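Student: I'd like to ask you about the structure that follows.
The values are calculated or read from the model by the stated rules, or taken from the named source; none is laboratory data. Not measured: the values here are computed from a predicted model. Cβ sites come from the backbone with ideal geometry, for glycine too, and all protein chains shown count toward neighbours. In case anyone asks, the SASA skips ligands and DNA or RNA and just uses the protein heavy atoms, side chains included. Shrake-Rupley method; radii C 1.70, N 1.55, O 1.52, S 1.80 Å.
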Amino acid sequence: MTTVNLLEFDLDGLAAFCEKLGEKRFRATQLFRWIHQRGASDFAQMTDLAKSLREKLATTARVEALPVITQHESTDGTIKWLFDVGDGNAVEAVFIPEGDRGTLCVSSQAGCAVGCRFCSTGHQGFSRNLRTGEITAQLWFAEHFLRQHLKRDDRVISNVVMMGMGEPLQNYSALVPSLRTMLDDNAYGLSRRRVTVSTSGVVPMIDRLGADCPVALAVSLHAPNDPLRDDLVPLNRKYPIAELLEACQRYLAHAPRDFITFEYCMLDGVNDQPEHAQQLVELVRSTGISCKFNLIPFNPFPASGLLRSPQPRVLAFAKALSDAGIVTTVRKTRGDDIDAACGQLAGDVKDRTHAAERMAQRRTVVLHPVRATASKVSPAPPVTQGH
Ligand code: SF4
C-alpha cells in the first residue's frame, strides 16, 4: 500500500490529512511536533498519540528522509551533504556554523533552468522541481543529525537560506509549505528574518511571496546594467533590472527586514571594474532602494570560462560601495576543503553515465537522524557556488 510522506505537509496540510483519518487538528499538532521538534519517524515512539491513531498512521503514512550519498565535514565545522533524489539526480545542503548561529543552505530544485554563467548548477541544466517533502527533509535531517552529532538538545539550525541548487521561486508551490514549516513554532520556529529566499529575479513570484509568506529576500544581481546581466543571468532578458528593483521595492512593504540583500559574484574583468561599482551606486541612488550588498568570491570551474576577481579588486569594489553609503560585506569562503559551495558534486552525479553504479559506490551514509552516525569521506576538489 502506498503511504504518504508526512514531510510533504505544513501544519495545515497535516491537519487536513489527519481529518481524513477522522482526527482533530490538535492531533496533527502533536504529530507535527513529534516529527519536526523531536525528529521522530517511528509512530510507535509517539506515545501521547492514541494507539488507534498510531495504528492508522502505520498503514497510511511514513516519515522518510532523503538518502545521503556523501557527507563531507570541513575543518571549520561546515558540513555538506549530497542527497539522492532519484533517477540519477542529487541535491546538496550545507551547514555553516558561525558563533551562536547555525545556517543551513537548502536546495529547491535538482539542477536549475536559469543557467547563470558563473553557476555550476546552472551548467547542469534542469532535471526537476523538488517536492515540499524533499525541501523540508533537508532541514529535518540536518537539524536532528546535528543535535546528535554535536551532542546538543537545543536547536542547532537558527537560519535557513534557500541558496542551494535551483531557483526557489520557480518551484513556488512546493517552496511555500516548506517555508511555513520552517517558521512554525510547532516545528522549527525560525524567525522570518532568519529564513532567506534567494532569487535570480522571478518578478511575479517576488510579489506572491510578499503576499503569501514574507521572509528575508536576497536577489542575485551580479551586474549593474542590463546588457551585462542579460549575459550573466539570462532571466534578466525577461525581467530586466528596473522591473526587478521595482518588485524589490514592493516586497519591502511586507519584508521582515527593511532591506534587500543583493548578491554580487565577483568575476575577474567581467563585472568587477570601478565603473561597475559606480553604476551600482547610481542604480541604488536613482531607485532609493534600501539594500545591502554581499560580494561573493567566485569559485572557478572549467566550463564557466570565468575567473575569480583578485582580492585587492574585491576590496576596492567594496570600498567604492561603502564610501557611497551602501552597506557592503565580502562573503567569507567557508568549507573550501570540502567544496561547500554548491553544484559540482551534484553535477558529477548528474552525468548519467553509470550514475546508479557510481552513486552506489559513493554512498557512504544512509541515515535516520535519530540513529545517525557521522561518516567522513575524503574531501572533494573546490568548486563554484550555486544560487
Ligand atoms: S545562480 Fe541560482 S538561478 Fe542561477 S543557475 Fe545557479 S541555481 Fe540557478
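Student: Scanning for something within 16 Å of the ligand (Cβ to nearest atom), over 15 Å from the mean Cα position of the chain (by Cα) and over 25 Å from Phe298 (Cα atoms), does region 189-200 turn up at least one residue?
Tutor: no
Student: So which residues in region 1-55 are over 13 Å from Asp184 (Cβ atoms), under 24 Å from the mean Cα position of the chain (by Cα) and part of a loop (DSSP other than H, G, I, E, B)?
Tutor: Within region 1-55, Arg38, Gly39, Ala40, Ser41 qualify.
Student: While we're looking at this one, here's another question. Condition first: under 20 Å from Leu183 (Cα atoms) and either open to solvent by 60 Å² or more (accessible area, probe 1.4 Å) or hydrophobic (A, V, I, L, M, F, W, C) (or both). Now tell me which residues in region 38-55 satisfy that.
Tutor: Those that are under 20 Å from Leu183 (Cα atoms) and either open to solvent by 60 Å² or more (accessible area, probe 1.4 Å) or hydrophobic (A, V, I, L, M, F, W, C) (or both): Arg38, Ala40.
Student: Another one. Which of the residues spanning region 10-22 are crowded, with 21+ Cβ neighbours inside 10 Å and within 16 Å of Phe43 (Cα to Cα)?
Tutor: Once the filter is applied, which keeps residues that are crowded, with 21+ Cβ neighbours inside 10 Å and within 16 Å of Phe43 (Cα to Cα), region 10-22 yields Leu14, Cys18.
Student: Looking at (1) on the phi < 0 side of the Ramachandran plot; (2) of a type outside the set (A, V, I, L, M); (3) open to solvent by 30 Å² or more (accessible area, probe 1.4 Å), which one does Pro214 not meet, given that it meets all the others?
Tutor: That leaves (3) as the condition not met.
Student: Could you figure out which of (1) part of a helix (DSSP H, G or I); (2) within 14 Å of the chain's Cα centre (by Cα) isn't true of Gly122?
Tutor: (2)
Student: Right, next: Condition first: buried (at least 21 other Cβ atoms within 10 Å of the Cβ) and either closer than 25 Å to Val195 by Cβ or in contact with a Ser or Thr (Cβ under 9 Å, 6 or more places away or on another chain) (or both). Now tell me which residues in region 217-231 satisfy that.
Tutor: Result: Leu217, Val219, Ser220, Leu221, His222.
Student: In addition: Can we say Ser200 is under 26 Å from Gln278 (Cβ atoms), touching a helix residue (DSSP H, G or I) at 6+ places or on another chain (Cβ under 7 Å) and touching a residue at least 40 places away in the same chain (Cβ under 8 Å)?
Tutor: Answer is yes for this residue.
Student: If I go through region 180-193 residue by residue, how many of them are in contact (Cβ under 8 Å) with a residue 60 or more places away in the chain and either assigned to a helix (DSSP H, G or I) or over 21 Å from Lys292 (Cβ atoms) (or both)?
Tutor: Residues in region 180-193 being in contact (Cβ under 8 Å) with a residue 60 or more places away in the chain and either assigned to a helix (DSSP H, G or I) or over 21 Å from Lys292 (Cβ atoms) (or both): 8 in total.
Student: What are the residue pairs meeting all of these: first residue in region 37-56, first residue in contact (Cβ under 8 Å) with a residue 60 or more places away in the chain, second residue open to solvent by 70 Å² or more (accessible area, probe 1.4 Å) and in a helix (DSSP H, G or I), Cβ atoms under 8 Å, and 6 or more apart or on different chains?
Tutor: Pairs that qualify, where the first residue is in contact (Cβ under 8 Å) with a residue 60 or more places away in the chain and the partner is open to solvent by 70 Å² or more (accessible area, probe 1.4 Å) and in a helix (DSSP H, G or I): there are none.
Student: Right, next: Kindly provide the set of residues from region 105-153 that are away from the ligand (no atom under 16 Å from the Cβ) and aromatic (Phe, Trp, Tyr), ordered by number.
Tutor: Within region 105-153, Trp140, Phe141, Phe145 qualify.
Student: What are the residues in region 73-114 that are at positive phi, open to solvent by 30 Å² or more (accessible area, probe 1.4 Å) and of a type outside the set (Asp, Glu), if any?
Tutor: Matches in region 73-114: Gly99 only.
Student: Now for a separate question. Where the second residue is β-branched (Val, Ile, Thr) and assigned to a helix (DSSP H, G or I) and the first is over 9 Å from Ala277 (Cβ atoms) and free of Cβ contacts under 8 Å to residues at least 60 places away in the same chain and lies in region 307-323, which pairs have Cβ atoms under 9 Å and are six or more apart or on separate chains?
Tutor: Every condition considered, the pairs that remain are Arg308/Val314; Asp323/Val281.
Student: I've got another one for you. Is it the case that some residue within region 104-113 is more than 25 Å from Pro177 (Cα to Cα) and assigned to a strand (DSSP E or B)?
Tutor: no
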